[in-house]
Amino acid sequence: MQMQMSVILLAGDMATSLGEELSHCLPAFRQLQAGHGVYAVLGNHDHYTGDPGRLCREMEDAGIVMLQNSHTVLER
């Protein structure tokens, strides 16, 4: 049985110190689905990679909405 989520938030630290670490997770991230969307924010370790912009682009390419100095309003 598959559960339908309302919203999914990935709360940062998708990598520890190397941007390449994210590539192992992207296939799973691409499968995430929620009625009101899938969102993520960067954690401090994502910045340790030296290229947080790359992480954001890769996450967005996987269908994740990145909230970076921004917000969104969810209505039920």
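A count restricted to the stretch 3-12 and to residues that are open to solvent by 70 Å² or more (accessible area, probe 1.4 Å) and either within 14 Å of Leu55 (Cα to Cα) or not in a loop (DSSP other than H, G, I, E, B) (or both) stands at 3. Take Gly19 and decide whether it is under 17 Å from Leu67 (Cα atoms), without any contact (Cβ under 8 Å) to a residue 60 or more places away in the chain and surrounded by 13 or more Cβ atoms within 10 Å (Cβ to Cβ). So Gly19 fails the test. For the stretch 17-26, state whether one or more residues are under 14 Å from the mean Cα position of the chain (by Cα) and in a loop (DSSP other than H, G, I, E, B). Among the residues of the stretch 17-26, at least one is under 14 Å from the mean Cα position of the chain (by Cα) and in a loop (DSSP other than H, G, I, E, B), which makes the answer yes.
Which of the residues belonging to the stretch 54-76 are surrounded by 10 or more Cβ atoms within 10 Å (Cβ to Cβ) and among the acidic types (Asp, Glu)? Give the derivation first.
Step one: of the stretch 54-76, the residues surrounded by 10 or more Cβ atoms within 10 Å (Cβ to Cβ) are 54-68, 72, 74.
Within the stretch 54-76, Glu58, Glu60, Asp61 qualify.
For the stretch 35-50, a residue qualifies if it is surrounded by 14 or more Cβ atoms within 10 Å (Cβ to Cβ), part of a loop (DSSP other than H, G, I, E, B) and more than 14 Å from the chain's Cα centre (by Cα), and exactly one does: Thr49.
The values are calculated or read from the model by the stated rules, or taken from the named source; none is laboratory data. If you're wondering where the values come from, they're calculated on a predicted model, not measured in any experiment. Quick reminder, even Gly has a Cβ in these numbers, built from the backbone with ideal geometry, and neighbours come from all protein chains shown. The accessibility values were calculated without ligands, DNA or RNA, using every heavy atom of the protein model including side chains. Shrake-Rupley method; radii C 1.70, N 1.55, O 1.52, S 1.80 Å.
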